[in-house]
Structures are given as structure tokens and as C-alpha cells.
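To keep things clear, I will list the structure first and then write my remarks on it.
The values are calculated or read from the model by the stated rules, or taken from the named source; none is laboratory data. Because the structure is a prediction, the values reported are computed rather than measured. Ideal geometry is used to build each Cβ from the backbone, glycine not excepted, and the neighbour counts take in all protein chains shown. Keep in mind that these areas ignore ligands, DNA and RNA; they rest on the heavy atoms of the full protein, side chains included. Shrake-Rupley method; radii C 1.70, N 1.55, O 1.52, S 1.80 Å.
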Amino acid sequence: MDGIVTDVAVGVKRGSDELLSGSVLNSPNSNMSSMVVTANGNDNKKFKSEDKMDGAPSRVLHIRKLPGEVTETEVIALGLPFGKVTNILMLKGKNQAFLELATEEAAITMVNYYTAVTPHLRNQPIYIQYSNHKELKTDNTLNQRAQAVLQAVTAVQATNAPISGTTVSESAVTPAQSPVLRIIIDNMYYPVTLDVLHQIFSKFGAVLKIITFTKNNQFQALLQYGDPVNAQQAKLALDGQNIYNACCTLRIDFSKLVNLNVKYNNDKSRDYTRPDLPSGDGQPALDPAIAAAFAKETSLLAVPGALSPLAIPNAAAAAAAAAAGRVGMPGVSAGGNTVLLVSNLNEEMVTPQSLFTLFGVYGDVQSVKILYNKKDSALIQMADGNQSQLAMSHLNGQKMYGKIIRVTLSKHQTVQLPREGLDDQGLTKDFGNSPLHRFKKPGSKNFQNIFPPSATLHLSNIPPSVAEEDLRTLFANTGGTVKAFKFFQDHKMALLQMSTVEEAIQALIDLHNYNLGENHHLRVSFSKSTI
């Protein structure tokens, strides 16, 4: 399980009462290790454990806030990368489920991973915590569909043999025929590299070979595992998921090929079992017959942007570090286009300073120019191409001052500043020497804390004299509603949740670097946590 974080503190608290579909204790004694849950069909009873086990791990996990149409297969897929799933109980009416893993260790690994990376099903965040129950016993007659799906998955995991004697719905799995997956990426608004694919698919087993190409104007890949079971698990977990926020959707099928013949190791193809292969200097990676399917995909060499749950936990930090030019990602130049074109701005409200503050969350803004003849558009120059890519992937489609902004790469290479003495009505500003750049210090923690805009803000540099009420009032004055607040132990940092992402963006623009007195300027960034 490379890439799965096992040392992250478990930031989940056990639900005080877990809603079970009419659950009873087989042996309601104080020996918690013998606790067993059964579903008996009485849907109105709420189960409360006599002995609470706050914080204690269990191989039974309680999953909440599931989307209404979610299938058993999708829930099981959450657990597959971490080990064998041994039981499932779906509570559709309550949008909840219980998932039992074979070992407590696998459950701990799963909770730690999803503490670091919020899991999503059908683009909706879900919540996973340890259950109070040590074992799940389900009545097969009541839970038939879930059991059938589980049996299908277990059969594929164990033997990869055809499944007989189970009634499996069409959403359940079928046995893997091939260790090779064919991957098509829909809605490819942002680049996807061979390395990003390797990072995502390696979670399910050893990836031996990848070939990428463009066919019918679609970016596609062939990816070979060492074992067909790994291909089965990856398809089950990843088909239909987005690599980045709301785009780059994976469509996965089994290939008719059972072995890939890779000739070159470069940014289009790689054989991880043969590091000795030549790079081929841009030669096609396939035989001439298939080479026609390739097109020059120079746009595919960019850093991952708004990394979603598909990426490994440290990928966001790696992308951020690369964005600051400290780390060379394979096939990525720190050059690239540094200038962004931002359009559909609220021209009554927008200023160079507000754009500097918002875009400065994702890189060091060098200069901003609001266009004189088109004041709803602006050019923003970042420190390097990776930062502009990062800012574009996080901010395109976000709401600023009530308008959904569009962020694209500009054809301009630099932002022209006005000549000395020329009045440009404050539309252009040079931020090259700003003390507010977040990424100029090598090794700064800011590299690891780049997250998409969210309703929850991370506040730091708070002086001891400032109380919760002061901060709540300050943020309410930006025009939004403060929903929740939590100080960290040292009171120098806090989480503050606004009611919408737009309100949080507004608050960050207004209050980042706000002078709280005692020589403390408030630092505001987006948080991946919720309160």
C-alpha cells in the first residue's frame, strides 16, 4: 500500500449514536470485543451502545452523508485499496452504510487515508469514522443485494474465477479478463500526465506499463498491471471518478490486449520493468500501425491542479512545491506561460489588490493589469508557469464579487506596466517586490497547504488578546455569515467556516494581512478541513 498515509492522526470522532436499521446486541455485555451487530428489519429503533468507545479503532466503519443514488459497489470500492472487505450494510433511507474490513489494521489505514484526503462519491463529500461495533452480522434476506455484490467482489479478489450461484446486479463487478485497462479521459479541462495516471493507479497494485495517445480527439491510455485482480479493483474504484475538481473524468474498460509492448520510456509511454529503454526522442511509442492514433500532446506536460481524492495525500504538496519551482516534476518545465487572462470580473468592485490577494493563494503574483477598454477582464502574471497552471485549475469557475470568473492562459508572455508618469487610473500594479508573497521562502509550510477554495478558512498569526467573538465579528462584517469557529490549542491559529465558498473568498480578499494590533497581521488561507 505505497502512497497510503498511515501516520496521520485520526481526526475523526465517533458518532454518539449510529443509526442502524433496527440493530440489537447479540450479547449486550460490557465485553466490547464480542459486540456484534445484527439487522433485524425493525427500521424505527435507534441503536445506542451502553459502553462508548470514543476514538478506539474498529474494523467496522460507519459511513455517513452518502448520495441518494449511491450503489453498494461504490461503497465497497472505497475500502478495496486497503484490504479485503468482508461485510456491508446499506441504510439507504438514512444515507448511511456500515463497511466491515477483514482486519482492524486495514480499517485504521483507511480512516487515516481518508482523514488526509476527503472521500467523495458522485462529487459529494462523505464522512467515514470508526463504528462502535466490532463485527457486522447482517440478515442475508434483508441485505441480499449488498451481499451479492460483496460475494462478487470477494470472488474476483480471491480467485478471479467466474462467479456462479449469486444474483449480481448490473452495477456489480464481472471477472477481469485482462491485466490491461483502457482509459479515456472526458472533460479534460486540465492536463493529465503519464505520471499523474501512474500515481493514481498505483494505489491498486504494481503498474508495469503505460502508453498514452490521442484518438478521435480524446486523450487515452493503456495501463498494464501485474495481476488482473488489481485491474479489476482499479476499474471498480476509479471508473467515473474525477481526477481534478469537476473535470477530467475517468472512463475505464478492460482492453482486449493482455500485454503491452513499450518501445520507449518518455512522457508518452513507459515500461516500469525496463528502465534501460531509450527515450526515442519523441518517436511514437507504438508500432507504426497504431502510431497514427498519436498526436502531439505538448499541452499534457503540466502540474496537477486541484487534486481530488484520487490523488495520493502528498500529491497536493508535491504540486505546490513544483508550482514554486523547487521540485522538478518529470516532463514539466518551470517555464511555460506565466500570464493568466481572467474574464467576467465584476468591474465595479475588482481592483489589482483584490486579484493579487486571491491569486496569491496559489502563487506569487508579479503584476496585475485590468484592461482599460474591457474592465471586466484582467491579465495576471505569476512567478512561473506551474503557478499559473495551479491558479487556473483552482480559481476557474469560482465566484468573486457575485460573478463566476473565467481563468485561462493568456497569449501574452508578460504584463506591460505603464510608462513612468502615465496615469492609468490605478488599473495596473507591480507586485514584484511585495512582502506578501507566500512562496518566496524555500521549504515554507505554505507549499504543503494549497487547497481549492472552500467555505472553511485557516487563520494564523492571531495575537493572544484577540478572542473568538472579535474574529467572528470581523468576518461577519465582510458581508457573510460565520457558521462555525474553532481555535487551535495554542490560540495562534483557528478554523472559521463561512456559509458559502463565495463568502469565504470575499472574506479572504478583505482580511488577509488585516492588522489585528500588537504587530500581528492576520494570515488567511483556504482549509481542507471542516469544523
Taking amide H positions as placed 1.01 Å from N in the peptide plane, with prolines and chain starts having none, which residues 5 or more places from LEU121, or on another chain, fall under 5 Å of its amide H? ILE126
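Could you give the accessible area per residue of the stretch 336-490, probe 1.4 Å, as a whole number in Å²?
About 49 Å² of surface per residue is accessible.
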Using distinct alpha-carbon pairs, which all enter the 1/r mean, Kirkwood radius of the stretch 397-531 in Å: 16.9 Å
More than 25 angstrom separation, counting every C-alpha pair in the stretch 335-459; what % is that? 20 percent
Measuring from label point to label point, each 7 Å out along Cα→Cβ, what is the GLN151 to LYS528 span in nm? 3.9 nm
With all pairs of different alpha carbon atoms counted, what Kirkwood hydrodynamic radius in Å does the stretch 466-531 show? 12.1 Å
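Subtracting the Cα-Cα distance from 0.36 nm times the residue separation, let me have the gained length for LYS137 to ILE404 in nm, one decimal.
Details: separation 267, 0.36 × 267 = 96.12 nm, distance 4.91 nm.
Extra length available between LYS137 and ILE404 comes to 91.2 nm.
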Determine the share of the stretch 447-517's accessible area contributed by carbon and sulfur atoms, expressed in whole percent, with a 1.4 angstrom probe. 47 percent
What residue among SER434, GLN506, PRO452 has its Cα farthest toward the positive end of the dipole of the stretch 386-531, where the charges are +1 on Lys, Arg and -1 on Asp, Glu, each on the Cβ? PRO452
Can you list the HN-Hα couplings for the stretch 182-188, worked out from phi with the Karplus curve (6.51, -1.76, 1.60; θ = phi - 60°), rounded to whole Hz and with x for Gly and Pro? 9, 10, 10, 10, 8, 6, 7
With all protein chains modelled, accessible area of LYS374 [1.4 Å, Å²]: 100 Å²
Within the stretch 228-272, the residues whose backbone N lies under 11 Å from a label point placed 7 Å from the Cα of HIS198 along the Cα-to-Cβ direction are 265-272
Compute the distance in nm between two label points, each set 7 Å from the Cα along the Cα-to-Cβ direction, one at ARG472 and one at LYS94. 3.1 nm
Straight-line reach from LYS92: which lysines have a Cα under 18 Å away, not including same-chain ones fewer than 8 places off? LYS45, LYS46, LYS65, LYS137
Which of the peptides 454-464, 473-483, 387-397, 197-207 is most tightly packed, and how do the rest follow, going by the mean number of other Cβ atoms within 10 Å of each residue? 387-397, 197-207, 454-464, 473-483
At 0.36 nm per residue, and after removing the present C-alpha to C-alpha distance, how many nm does the segment from GLN413 to ALA56 gain when stretched out fully? 123.0 nm
Based on the Cβ-Cβ distance from ARG122 to SER279, what FRET efficiency comes out when R0 is 45 Å, to the nearest 0.05? 0.65
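Full-extension gain between THR481 and THR214, please, as 0.36 nm times their residue separation minus the C-alpha to C-alpha distance. Working shown, then result.
Details: separation 267, 0.36 × 267 = 96.12 nm, distance 4.70 nm.
Computed gain between THR481 and THR214 is 91.4 nm.
Which entries in LYS84/LYS215; LYS369/LYS441; LYS215/LYS445; LYS215/LYS369 show an alpha-carbon gap greater than 30 Å?
On the way: LYS84/LYS215 36 Å; LYS369/LYS441 26 Å; LYS215/LYS445 41 Å; LYS215/LYS369 39 Å.
Violating the 30 Å limit, Cα to Cα: LYS84/LYS215; LYS215/LYS445; LYS215/LYS369.
Which of the GluC sites (Glu not before Pro) across the stretch 413-492 are loop residues per DSSP, with 14 or fewer other Cβ within 10 Å? Walk me through the numbers on the way to the answer.
On the way: sites: GLU420, GLU468, GLU469; in loops: GLU420.
Sites meeting the loop and neighbour criteria: GLU420.
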